[in-house]
Amino acid sequence: MQEKELQLTGGSLYYEIRPRGVCVTGWQGLAGEVTIPKELEGLPVTDIEKKAFLSKKNLRKVFLPDTVEQIGDWAFAYCDSLEQVELPEREIRFGKVVFLECGRLRSLAIRGKERSVAALLAAAVTTTEAYYLLDIREAGSSEWLSRWDARLLAVMQTSDQEGYSKQVLCGEEDYGSTDLTAYMSGRRRVKVRLMLLRLLYADGLNSQIKEELQTYLKDHTKGCESEETWQVILQEHGEEREYYELFARLGCLTEDNLDAILQDIGEDYPEMKAFFLRYKQEKLGYTDFFEELEL
């Protein structure tokens, strides 16, 4: 079949006309955002070919049309800057590891569904590698959330050392290669990211799991033997009030560690620092502090 080219702002979209519609076969360009048209040559765009957007380093956002029915293997794999993909609310057949190594992906947004679903869906395929949760129709349902939580618990219960021996044998260097301490810290950060996200979007979260998440996060805050909860907040969410307010609300900010936390912030993230300073001035740990914030 003959491959054709469509000029878009910032690049070229390549496609082929196939029996049941148009298949997007590739992209070349420097644009950070790409909106794939609903129709080409009067035919619906139904497929994204295998590896169509593989390793497009500048790509940050992709908007897929309502006509898309299938996305092939590795279609967006190794897109290092990819943050958001918008999907239609319809059944889509996904190939293998469509979003492999898309470490910055934070939103798989389904038109018509809440932001929380977009965030949890993205984490399911990037952080937990649970591609069985990539189910457009079921995403956000109580059953889907239960499956998401089951995967979260499985990650929580995994030893921080799991996979270390394999990494050393394979010569990987993600956590400092043979540095076991750094490797284990990296594993705990993964757990912390997932727990914070789930507590931020806590719909359908049962009280027992919620308590487990809170306990783990408080056990890894500033001043503990390992401090990954605070490190994730400081290094990844210093400008996101919903995260650092959650950090305080969970009890991870205490009289014992507050001064050290303020010292860590230094001159960075002035809004977070101001929030914590006000928290210090109020009666630390009292719920009326948070009630006032709602006014």
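The values are calculated or read from the model by the stated rules, or taken from the named source; none is laboratory data. Since we're looking at a predicted model, the values are computed, not measured. Ideal geometry is used to build each Cβ from the backbone, glycine not excepted, and the neighbour counts take in all protein chains shown. Only protein heavy atoms, including side chains, enter the accessible area calculation; ligands, DNA and RNA are left aside. Shrake-Rupley method; radii C 1.70, N 1.55, O 1.52, S 1.80 Å.
Worth pointing out:
- Single unsatisfied condition, GLY26 versus (1) modelled with pLDDT of 95 or more; (2) in contact with a Gly (Cβ under 6 Å, 6 or more places away or on another chain): (2)
- Residue that is touching a residue at least 24 places away in the same chain (Cβ under 8 Å) and either out of contact with any Phe, Trp or Tyr (no Cβ under 6 Å at 6 or more places or on another chain) or among the basic types (Lys, Arg) (or both), where the choices are GLY103, GLY95, GLY112: GLY95
- Conditions (1) in contact with a Gly (Cβ under 9 Å, 6 or more places away or on another chain); (2) open to solvent by less than 60 Å² (accessible area, probe 1.4 Å); (3) of a type in the set (D, E, K, R): number failed by GLU33: (2)
- Within the range 182-212, considering residues that are of a type in the set (Gly, Ala, Ser) and not in a helix (DSSP H, G or I), the one surrounded by the fewest Cβ atoms within 10 Å (Cβ to Cβ): ALA202
- Test for ALA274: is it aliphatic (A, V, I, L, M), assigned to a helix (DSSP H, G or I) and over 24 Å from the mean Cα position of the chain (by Cα): yes
- The residue that is nearest to SER207 (Cα to Cα), among those in the range 119-146 that are surrounded by fewer than 16 Cβ atoms within 10 Å (Cβ to Cβ) and not small (Gly, Ala, Ser), is GLU143.
Residues are listed down the side, and each one gets a yes or a no for (1) within 21 Å of ARG111 (Cβ to Cβ); (2) charged (D, E, K, R); (3) not in a strand (DSSP E or B):
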residue: TYR15; (1), (2), (3): no, no, no
residue: PRO65; (1), (2), (3): yes, no, yes
residue: TRP74; (1), (2), (3): no, no, yes
residue: ALA77; (1), (2), (3): no, no, yes
residue: ASP80; (1), (2), (3): no, yes, yes
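- Unique match (being free of Cβ contacts under 8 Å to residues at least 40 places away in the same chain and touching a Pro at 6+ places or on another chain (Cβ under 8 Å)) among PRO65, PRO19: PRO65
- Among the residues here, GLY238 does not qualify as outside any helix (DSSP H, G or I) and exposed (fewer than 15 other Cβ atoms within 10 Å of the Cβ).
- Qualifying positions in the range 127-140 - in contact with an Asp or Glu (Cβ under 9 Å, 6 or more places away or on another chain) and more than 21 Å from GLN70 (Cβ to Cβ): GLY140
- Which numbered condition THR215 misses (of (1) part of a helix (DSSP H, G or I); (2) touching a helix residue (DSSP H, G or I) at 6+ places or on another chain (Cβ under 7 Å); (3) among the hydroxyl-bearing types (Ser, Thr, Tyr)): (2)
- Whichever residue in the range 86-118 is out of contact with any helix residue (DSSP H, G or I) (no Cβ under 8 Å at 6 or more places or on another chain) and assigned to a strand (DSSP E or B) and, among such residues, is surrounded by the most Cβ atoms within 10 Å (Cβ to Cβ): LEU87
- Checked against the criterion of being farther than 26 Å from ARG104 by Cα, among the charged types (D, E, K, R), modelled with pLDDT of 95 or more and open to solvent by 20 Å² or more (accessible area, probe 1.4 Å), the candidates ASP259, ASP219, ASP288 yield just one match: ASP219.
- Qualifying residues in the range 154-181 (those that are open to solvent by less than 60 Å² (accessible area, probe 1.4 Å), part of a helix (DSSP H, G or I) and not aliphatic (A, V, I, L, M)) - the one modelled with the lowest pLDDT: GLN167
- Scanning the range 222-233 for residues that are open to solvent by 30 Å² or more (accessible area, probe 1.4 Å) and touching a Phe, Trp or Tyr at 6+ places or on another chain (Cβ under 9 Å) gives LYS222, GLY223, CYS224.
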